[in-house]
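Heads up: the structure comes next, in structure tokens.
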Amino acid sequence: MKQKQKPNLSGIQIENTISMAVQNKNYHRSSLYLVLIAFLGAVGGIFTFLTMFHPEFSAPTLIGCLLVEFILCSTSAISAGKWKFIKLFFTGGYALLLYSFRHAFCDGFIHLANTIYKVIYLTDWDRFTVTGEFTEKYSTTVFLVLICFPIIFLICYAVIHFQNLFL
């Protein structure tokens, strides 16, 4: 004997909660549209940070390197199912770059921390001392290029490969 179901007064009827929770709701958008969204998200996030604090860096070098990084990351995100070894290549290449530019990376971090400290506390003196091995412009540019690579990689994978537009 079947039980008679009571009518729901709210008008919402849930038939099977498990299948609704795992149901794929992704619509297949074009790759160009997803690349454009990822590009706007990466550029917006990075340059919003840069306009808040105005660090000293080489803008043409930074823009060129970030463009190359974005092209590499977006092509790897588009073809992620085909070439699975590309993640290992990116991780190894990034670790090698980070190791070879480690001194400039550390100096750039200190210069950027000093810039942020100056803006927050409205002062003209540096909070942290730098070894002085590299110029402020060079080391900050190296730091920004190397720190933005994982950010761009994650944005490209989230938007292009997984089609999650709300990262």
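The values are calculated or read from the model by the stated rules, or taken from the named source; none is laboratory data. Everything numeric in this text was worked out from a predicted model, so none of it was measured. Cβ coordinates were reconstructed from backbone atoms using ideal geometry, including for glycine residues, and neighbour counts include every protein chain displayed. What goes into the accessible areas is simple: the full protein's heavy atoms, side chains included, and nothing from ligands, DNA or RNA. Shrake-Rupley method; radii C 1.70, N 1.55, O 1.52, S 1.80 Å.
The table for this structure:
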{"read-out": "Per residue value of the accessible surface for segment 45-160 (all protein chains in place, 1.4 Å probe), Å²", "value": "60"}
{"read-out": "Y117, Y33, reordered so the largest accessible area comes first (probe 1.4 Å)", "value": "Y33, Y117"}
{"read-out": "For segment 70-167, convex hull volume per residue from C-alpha positions, Å³", "value": "104"}
{"read-out": "Shape call, segment 24-122: gyration tensor on alpha carbons, a/c limit 1.5", "value": "oblate"}
{"read-out": "Cβ-based net charge around L146, under 13 Å, with every Lys or Arg adding one and every Asp or Glu removing one", "value": "-1"}
{"read-out": "FRET E, pair Y117, F89, Förster distance 45 Å, beta-carbon r, rounded to 0.05", "value": "0.75"}
{"read-out": "Theoretical gain in end-to-end length, L96 to L32 [0.36 nm per residue, Cα-Cα removed]", "value": "19.9 nm"}
{"read-out": "Rounded percent of accessible protein surface that carbon and sulfur make up, segment 33-124, 1.4 Å probe", "value": "76"}
{"read-out": "For T115, net neighbour charge (Lys/Arg +1, Asp/Glu -1) across residues whose Cβ lies under 13 Å away", "value": "-2"}
